[in-house]
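Below you'll find the structure, written out as structure tokens, and then a few comments.
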Amino acid sequence: MIVAACAVGMASFVLVLVLGAPLESTWLPGAAAELLLITAGLAAAVGTTSTSLRLQGACLDEADQRLASQVAELARYAAVVAATDDCIVTISLDGLITSWNPAAAELYGYTADEVLGRPVTHIFSADAPEMVDGVARVMAGERAAFETVHLRGDGTTVQLLLTLTRFCDGAGQATGIVGIARNIGEQKTRDAEVHQESKLESLGRLSAGLAHEINSPIQFVGDNARFLEEAYVELIRVVEVYRGLLDTANPIGWMERQERVREAEAGIDFDYLQKEIPSAVEQTLEGIERVSTIVRAMKTFSHPGHKDQVPADLNEAVGATVTVARHQIRDVADLRLDLAELPPVKCNIAELNQVFLNLIVNAADAVGETGRRGLITVATAVDGEDVVIRITDTGGGIPDDVRSRMFDPFFTTKDVGRGSGQGLPLVRGVVQEGHGGSITVESVLGEGTTFTVRIPIDGLREQEEALAGVAVSA
């Protein structure tokens, strides 16, 4: 602004000189014109410079605003990372720990000063198979998530769910790996408690029916035993008469002997006993066999299982479960078994027994809700590397809005006291997570529902089975 004022003043001075100069002075007009041009150029340059400075100032202000926004955003991210309960750790491509949030210090038992810049093997064993496999998958562009048991800095162990993902620069080149770990020990404990509660719920529903199933054969075994006892007493009384007649120490005449025999037999219906005693014995043996079958089914159903998966007969397990649940089926539906020849299946048979029980009981409940007698079909088959178990009912079907939520924990459409919503989530967890299988549902309203369970014959992969064993022990 000062330079512009000076230029204007100089131009005014020149004009005065020109106007006031004598007419015979010829050099002044040319000099004045040149000075005017110079002054105009200076004014234009000053204006351009001022505009450029204003633009540069605006750009700097915008850059400052962007920088301040980025700093604030980074501060928010840093606050989130510091406040989260999940452990977040970044690792360089050469295996060095580059960041360590407070949750990591709490979870692993090492402070940031103890681990930053050190190899990741400081907290994980270099030969841990799940870590080696996970890092290899991540570097191949995949995302790795697995469960593992970690030895903390203080010597205690913690069960973790660890997720590994690589991160890249603007050009798409991998620059490191971020690991997010979560302590799932308490969750596993809660899951185990829910699992146990579901088992107790199922056993509670079965107990009254099993008592009835056992009571019926025991009752007619008892009735037949009392009948046989009475018949035995009567027959022994007649036999004693016969033996007395054979005593030669007290000889009697033939007529008297006949009379005593007729008197002894008068109180006994030999024809009736001859017909009913074999029938009573047969019914008693059938009742004993029925009780034995129920007891064997209960032993099979309540098998404690193994920590590791072992080969088992799924047809036997299905048959035992049907026997245990028969009282809940009998009043509402007929039962049809279509069991194909199956190879031994590597599994946890106790957990699969619980799966079959939940699905069969649900099928009986679905049929019972229709108010008409229906049919429940349990079929097994081999399909490639899987064994397939299908449980079909002729109930009312499952609406779409219910089908989308039926595997959600604690979701149930049953009345209070009849269902806790834990059965189907347990089924899916056992089949998918515990055995590497699958469960699908096909349902038509008004016609019925089919649950299809697929279990790999050879069980889980070795690594998955080890993780499942950890989950069971937790």
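Quick one: is D365 surrounded by fewer than 22 Cβ atoms within 10 Å (Cβ to Cβ), assigned to a helix (DSSP H, G or I) and either out of contact with any Cys (no Cβ under 7 Å at 6 or more places or on another chain) or in the same structural domain as I439 (by TED's automatic domain parsing) (or both)? When the stated conditions are applied, D365 passes them. Condition first: assigned by TED's automatic domain parsing to the domain that holds V158, part of a loop (DSSP other than H, G, I, E, B), modelled with pLDDT of 75 or more and hydroxyl-bearing (S, T, Y). Can you find one or more residues in region 113-132 that meet it? There is no residue in region 113-132 that is assigned by TED's automatic domain parsing to the domain that holds V158, part of a loop (DSSP other than H, G, I, E, B), modelled with pLDDT of 75 or more and hydroxyl-bearing (S, T, Y).
One residue is enough: does region 420-442 have a residue meeting the conditions farther than 30 Å from L161 by Cβ and either modelled with pLDDT of 90 or more or under 17 Å from the mean Cα position of the chain (by Cα) (or both)? Scanning region 420-442 turns up at least one residue that is farther than 30 Å from L161 by Cβ and either modelled with pLDDT of 90 or more or under 17 Å from the mean Cα position of the chain (by Cα) (or both). Selection of region 151-181 for residues being over 20 Å from the mean Cα position of the chain (by Cα), more than 18 Å from T90 (Cβ to Cβ), part of a strand (DSSP E or B) and not hydrophobic (A, V, I, L, M, F, W, C) yields only T157.
Of everything listed in (1) touching a Gly at 6+ places or on another chain (Cβ under 9 Å); (2) among the hydrophobic types (A, V, I, L, M, F, W, C); (3) in a loop (DSSP other than H, G, I, E, B); (4) modelled with pLDDT of 85 or more, the single unmet condition for L359 is (3).
What is the one condition in (1) modelled with pLDDT under 90; (2) in contact with a Phe, Trp or Tyr (Cβ under 7 Å, 6 or more places away or on another chain) that I391 does not satisfy? (1) is the only condition that I391 fails.
The values are calculated or read from the model by the stated rules, or taken from the named source; none is laboratory data. None of the values given here were measured: they were computed from a predicted structure. So basically every Cβ, Gly included, is an ideal-geometry build from the backbone, and we count neighbours across all protein chains shown.
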